[in-house]
Ligand SMILES: [Zn+2]
Ligand SMILES: [Zn+2]
């Protein structure tokens, strides 16, 4: 199995890359991908842009050191800002990554997954629309391989007032048209929303529209690596998925889900 979304002390994680690698080996994973936060805005939870070469060196060294025990991929989790697509493109192209996760953590300047102050400014329906429009723009930008925690706007148990299937399906069709992968991120289970991102409903819609998925834990510490994988794999199989996607140098590989 793989875990494609993990953080280290270089962004907001609690363990070093090597500690994460050793734990992943102990848990029997075949392949992991790191994805520390890269953000054009200066925030304390992302690696500083000038430190990116350190991240590259550390991952390359560990990949060699542990090559007989586990495959180590180099990913980054990048904040999408519609007004900075050119800057994002230049930055991403300067890093020798295997894959790029595009995530929305900001609506305008509001970092909604760390700051709860603006919930209630709009109706939840309107908030969902604003959030998912950003996901759609991220998918259309061509910058990313994977859409990160696609419905993280629910993190603090904020849910739309009315059925949003139309908005979800429009978004998923755009993701499909632009050939992206969605991650089944199990981390949401340990957040206030207490469910995977995407939710089972959204994951069903992804399957309906033939959007491929990958699997990840959003681990910020060793113990969180591959968390809730048993139920995640059960859900994938139940919905109909038989394979997930891996990446090498931004090229996809199909991985059969063991059952
Ligand atoms: Zn994130
Ligand atoms: Zn993350």
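Here 162, 216 are placed in order of increasing Cβ neighbour count within 10 Å, fewest first, which gives 162, 216. Counting neighbouring beta carbons within 10 Å and listing from fewest to most, the residues 134, 118 come out as 118, 134.
When the inverse distances between all different Cα atoms of segment 158-233 are averaged and flipped, the Kirkwood radius reads 13.3 angstrom.
The mean sequence distance of close C-alpha pairs (under 8 Å, at least 6 residues apart), as a share of the length of segment 78-256, puts its relative contact order at 20 percent.
By the count of other C-beta atoms within 10 Å, a proxy for reagent exposure, 95, 244, 172 are ordered fewest to most as 95, 244, 172.
One Cα centroid belongs to segment 34-60, the other to segment 83-148; the line between them spans 17 Å.
Legend: Rg and Dmax of segment 78-256, from Cα coordinates, 15.6, 44 Å.
Read the figures in this text as sums done on the coordinates, not as results from a lab. In this text, all values refer to a predicted model and were calculated from it rather than measured experimentally. So basically every Cβ, Gly included, is an ideal-geometry build from the backbone, and we count neighbours across all protein chains shown.
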